[in-house]
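The values are calculated or read from the model by the stated rules, or taken from the named source; none is laboratory data. Here the structure is a predicted model, which means the values were calculated and not measured. Cβ placement follows ideal geometry from the backbone for every residue including glycine, while neighbour counts extend to all protein chains displayed.
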Ligand SMILES: Cc1cc2nc3c(=O)[nH]c(=O)nc-3n(C[C@H](O)[C@H](O)[C@H](O)COP(=O)(O)OP(=O)(O)OC[C@H]3O[C@@H](n4cnc5c(N)ncnc54)[C@H](O)[C@@H]3O)c2cc1C
């Protein structure tokens, strides 16, 4: 039996989350957008509430509520502010996921549990100036010398790196080994040779921060490696599977915010003596927006359900990310259209929604890469 309803527990969770977001995020979001700085204290506030650890088991400091609840949370966050959602969700997904998947007991206690409490901030350093979609093409090197790896290279666009206490850095021990040479090393702030740049200026999601990470003869003890010397690449890809469904859920939330604003405006705005919602061309836009949002959410829920029930979510996560992020780009564009000139002005939130949407078709694997993943699975 397929059940499309949320449980009573989920509805209670959502209601209390909405109150929390209203109290904690709404008052600081405008300033964060203006300054381009993420309100760092939110990590602690969300951590205290347990929200940063929603999908992780209680043994490692999580809430043990699974990915369906995590995606519900991501949607609600995306509705309120996509940038703030981006930083908080990166912390809970890619910022800790490799630690959860491959970390030793000691690494989990030292880094994962404090990160889920919001006491330590993590960053995921995969992308480089010369290697984005081609993640296996990274050139940051990790040379083993005695009991330490010496790291050299540059990472770019790394979310939360401006504020991070540690970065999970992907590096290659030997380019000739291809993906088998990729390791993940935890580099803690304060390590000699590790530095982070200023927040990069972006089109949207301005309340989230990303920057460059530079590793210059940066020495990291072998104990900071996640798992064995080979297999790091597969861990990164597994982390991205979860990250992608969460980006998709955030996209659904942002699309809902844009749709709600457009619907309310259309019911109020009068032209030619009638509300614009009475015109079929506007009704058609609203109808298509609603259908696309519901279809996207259904794909997100399916991916989360597959993950929660022990299946491999790679295909469904890629499908949900492709659909939901392309949807949010079109829905936010239509929302601006429905608001006309006002939609283009910064006093109305749809202008920001439109700018925020675009990043989602790029981060954690572009739309083109999602299509490649999907097609590869279909052709297997
Ligand atoms: C706001 C923001 C936050 C980010 N946060 C992080 C982070 O925390 N950690 C991290 O590691 N990275 C992060 N990234 C980086 C992000 O994951 C990359 O930007 C993304 O993977 C694309 O890589 P690229 O920018 O190098 O583009 P490229 O890979 O150079 O792609 C350029 C274009 O070519 C297309 N393309 C590439 N290969 C193919 C192909 N085989 N077939 C068809 N088309 C192709 C792409 O789809 C794209 O349209 C972030 C990026 C942004 C914008």
- When restricted to 269, 225, the only residue more than 26 Å from residue 109 (Cβ to Cβ) and surrounded by 15 or more Cβ atoms within 10 Å (Cβ to Cβ) is 269
- Message: Suppose we filter 335, 375, 303 for residues that are within 16 Å of the ligand (Cβ to nearest atom), at pLDDT 95 or above and either over 30 Å from residue 2 (Cα atoms) or not assigned by TED's automatic domain parsing to the domain that holds residue 203 (or both); which single one remains?
- Response: 375
- Query: Taking the condition outside the structural domain of residue 203 (by TED's automatic domain parsing) and either buried (at least 16 other Cβ atoms within 10 Å of the Cβ) or at pLDDT below 95 (or both), does residue 12 pass?
  - Reply: no
- Filtered residues of the stretch 238-266 (kept if at pLDDT 95 or above and surrounded by fewer than 19 Cβ atoms within 10 Å (Cβ to Cβ)): 260, 263, 264
- List pairs: first in the stretch 123-139 and at positive phi, second within 7 Å of the ligand (Cβ to nearest atom) and modelled with pLDDT under 95, Cβ under 8 Å, 6+ apart or cross-chain? none
- Query: Within the stretch 106-152, can you find the residues that are within 12 Å of the ligand (Cβ to nearest atom) and assigned to a strand (DSSP E or B)?
  - Reply: 122, 123, 124, 125, 128, 131
- Item | Selected residue (only one of 239, 266, 255 is in contact with a strand residue (DSSP E or B) (Cβ under 8 Å, 6 or more places away or on another chain), within 22 Å of residue 89 (Cβ to Cβ) and in the same structural domain as residue 330 (by TED's automatic domain parsing)) | 239
- Message: Is it the case, given these coordinates, that residue 193 is at positive phi, at pLDDT 95 or above and either within 15 Å of the ligand (Cβ to nearest atom) or touching a strand residue (DSSP E or B) at 6+ places or on another chain (Cβ under 8 Å) (or both)?
- Response: yes
- Task: Report the residue count in the stretch 341-372 for those that are away from the ligand (no atom under 12 Å from the Cβ) and farther than 25 Å from residue 200 by Cα.
- Result: 3
- Going through the stretch 81-99 in order, the residues found to be over 15 Å from residue 169 (Cα atoms) and without any contact (Cβ under 8 Å) to a residue 60 or more places away in the chain are 88
- For the stretch 199-236 the number of residues that are within 14 Å of the ligand (Cβ to nearest atom) and part of a loop (DSSP other than H, G, I, E, B) is 11
- Item | Search result, residues across the stretch 153-167 that are in a strand (DSSP E or B) and within 11 Å of the ligand (Cβ to nearest atom) | 155, 156, 157, 158, 159, 167
- Query: Looking only at the stretch 85-97, which residues are more than 10 Å from the ligand (Cβ to nearest atom) and more than 14 Å from residue 51 (Cα to Cα)?
  - Reply: 97
- Note on the structure: Among (1) under 18 Å from the mean Cα position of the chain (by Cα); (2) away from the ligand (no atom under 15 Å from the Cβ); (3) not in a helix (DSSP H, G or I), residue 79 falls short only on (3)
- Message: Just the residues that are out of contact with any helix residue (DSSP H, G or I) (no Cβ under 6 Å at 6 or more places or on another chain), over 23 Å from residue 314 (Cα atoms) and surrounded by 21 or more Cβ atoms within 10 Å (Cβ to Cβ), please, taken from the stretch 52-83.
- Response: 83
- Query: Can you tell me which residues in the stretch 211-222 are within 24 Å of the chain's Cα centre (by Cα) and either in the same structural domain as residue 91 (by TED's automatic domain parsing) or surrounded by fewer than 24 Cβ atoms within 10 Å (Cβ to Cβ) (or both)?
  - Reply: 211, 212, 214
